[in-house]
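One structure below.
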Amino acid sequence: MIETGRDSLAGKAAVVTGAASGIGLAIARSLAYAGVRVCLADIQMPALEREVSALNETGAEAIFVIADLKSEDDVDNLHTDAAKKFGQVDILINNAGLQHISSLEDFAIQEWDRLINTMLRGTFLCTKKFLPDMVRSSWGRIINIASIHSVVASQFKAAYVSAKHGIIGLTKTAALEVSMKGVTVNAISPAYVRTPLVERQIESQARLHSISPERVLDEIMLTPMPQKELIEPDEIGQAVLFLCSDAARHINGHNLVMDGGWTIT
């Protein structure tokens, strides 16, 4: 019988980027509760310390590493620290993300570089660093947290949309390269999730459109979704558990879209 969840993942080790809050933290918690040893990576040290302490109090095995994914040296250190603690990293969740809202003509180049380098370059650097260990052990899972904006575009999000589209291309390329090596590489593309990042987007959109935050949610963000509600972070965590499990071993190079029906037509 194919195992799923706790039975098939207990004892594995994972690195989750952007794990201090939001989707990344929900994923780290889901993995930890399934018996996975977890390394939380982010640039927010106080939040990382607090969340890792909370996880360890539940009996989980968790550590944190401060890492700016734009930096190759930081990614190298992340790999070294995680390997020193766990011996082998079996699961990589590339989740770190950020947003900047601006029209194209006003989009600052430094903001473009910051978003592209964190999300797309960072995903590439982490994949490049952790993938060889998985190939050597003939088992591994890489899951890239993309976005509905890997499938569709929105105004005023040029860098974010470009980075997320690029992540899907990277996901498919990596999946092809390791297709016979016991490693799968997939993506999850959620619509709007109830996170601090989305809350900040609502505030930015309200200023940009000169409307209230409530109107942004009802008239802009949830308009394309037949299911008129934000996705909860724990739902992403559960999807990650499935894609990591043995039951998903033949799912490779796939973009799992969780969009409340956004892209039905």
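Summary table below
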| read-out | value |
| --- | --- |
| Residue in the range 26-37 that is out of contact with any Lys or Arg (no Cβ under 8 Å at 6 or more places or on another chain), crowded, with 16+ Cβ neighbours inside 10 Å, part of a strand (DSSP E or B) and modelled with pLDDT of 95 or more present | no |
| Residue selected from the range 134-153 under the condition among the hydrophobic types (A, V, I, L, M, F, W, C) and part of a helix (DSSP H, G or I), by the criterion surrounded by the fewest Cβ atoms within 10 Å (Cβ to Cβ) | Val135 |
| Failed item, numbered, when Leu98 is tested on (1) at pLDDT below 95; (2) farther than 16 Å from Ala20 by Cα; (3) among the aliphatic types (A, V, I, L, M) | (2) |
| Helices (runs of 4 or more DSSP H) within the range 154-265 that include 1 or more residues under 28 Å from Tyr33 (Cα atoms) | 158-177, 196-209, 233-244 |
| Exclusive hit being among the β-branched types (Val, Ile, Thr), surrounded by fewer than 18 Cβ atoms within 10 Å (Cβ to Cβ) and in contact with a Phe, Trp or Tyr (Cβ under 9 Å, 6 or more places away or on another chain), set Thr80, Thr58 | Thr58 |
| The range 163-177 - residue that is of a type outside the set (Val, Ile, Thr) and buried (at least 23 other Cβ atoms within 10 Å of the Cβ) and, of those, farthest from the chain's Cα centre (by Cα) | Ala174 |
| Unmet criterion (only one of (1) closer than 15 Å to Arg141 by Cα; (2) in contact with a strand residue (DSSP E or B) (Cβ under 9 Å, 6 or more places away or on another chain)) for Ala32 | (1) |
| Among the candidates Tyr160, Tyr192, residue that is within 24 Å of Thr223 (Cα to Cα), modelled with pLDDT under 95 and either in contact with a helix residue (DSSP H, G or I) (Cβ under 8 Å, 6 or more places away or on another chain) or surrounded by fewer than 18 Cβ atoms within 10 Å (Cβ to Cβ) (or both) | Tyr192 |
| Among (1) over 25 Å from Ala158 (Cβ atoms); (2) touching a helix residue (DSSP H, G or I) at 6+ places or on another chain (Cβ under 9 Å) - the single one Ser138 does not satisfy | (2) |
| Single residue of the range 216-231 satisfying the filter (loosely packed, with under 15 Cβ neighbours inside 10 Å and out of contact with any Leu (no Cβ under 9 Å at 6 or more places or on another chain)) that is farthest from Ala28 (Cα to Cα) | Glu219 |
| Tally, over the range 232-253, of residues that are more than 18 Å from Ser30 (Cα to Cα) and either of a type in the set (Lys, Arg) or surrounded by fewer than 17 Cβ atoms within 10 Å (Cβ to Cβ) (or both) | 3 |
| Set Leu92, Leu55: member being assigned to a strand (DSSP E or B) and in contact with a helix residue (DSSP H, G or I) (Cβ under 6 Å, 6 or more places away or on another chain) | Leu92 |
| Residues located in the range 205-231, provided they are within 27 Å of Leu170 (Cβ to Cβ) and not aliphatic (A, V, I, L, M) | Pro224 |
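The values are calculated or read from the model by the stated rules, or taken from the named source; none is laboratory data. Note that this is a predicted model, so its numbers are computed, not measured. Backbone-built Cβ (ideal geometry, glycine too); neighbour counts: all protein chains shown.
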